[in-house]
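Derivation of every value follows stated rules applied to the coordinates shown; laboratory data play no part. This is a predicted model, so every value here is computed, not measured. Positions of Cβ are generated from backbone atoms using ideal geometry, with glycine treated the same way; all protein chains shown enter the neighbour counts.
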Amino acid sequence: MRDRASAWANLRARRLLSLAALAALAVLGLALPALLDNSPPIGTVLLNPPALGSNGRVNISWRANARTPRFLVEVRSADRIPRFAASSEMPALQLPADVSGEIVDGSSLVWTVTALDADGHPTGASATEALGLQGSVKRP
């Protein structure tokens with residue numbers, strides 16, 4: 001009789017252990033995507049160096065949390081006069097030809113990207129940085 005009771009107790013212990021293991025895997029499965037997401041925290045925007053496209057227009061991009069739905073990009077002159085503003089759902093944008101021309105010609109422009117929530121409210125912004133191209137640049 002003891003062997004039978006012991007066997008039942010052992011079986012129950014294994015079932016509990018199996019259920020606990022399944023619960024742990026379920027929790028890990030829910031948390032794993034967040035743990036593997038290497039994007040910045042929501043509201044954080046990190047600017048990448050601008051690049052000149054083959055069409056002579058400047059491409060700008062930034063890193064932000066993958067769940068940020070929209071961005072506001074602002075380009076201003078050094079004395080804070082607005083030169084360009086646009087919203088984007090992607091973390092990249094090609095600047096218009098006139099603004100790109102100013103950058104290629106060496107004008108002092110700065111840019112900022114603001115992260116927006118689904119309702120269009122700001123959740124954070126990048127630092128304001130100079131918008132210039134590295135090295136010597138030739139127009140195509």
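Okay, here's what the table says:
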| quantity | calculated |
| --- | --- |
| Net length gained if the chain between ARG12 and ARG80 were fully extended (0.36 nm per residue, minus Cα distance) | 17.3 nm |
| Cβ-Cβ FRET estimate between LEU133 and ALA66, R0 fixed at 22 Å, reported to 0.05 | 0.20 |
| Neighbourhood net charge (9 Å Cβ-Cβ; Lys/Arg +1, Asp/Glu -1) for PHE84 | 0 |
| Rg ratio (alpha-carbon, reference 2.2 N^0.38 Å) - region 45-130 | 1.05 |
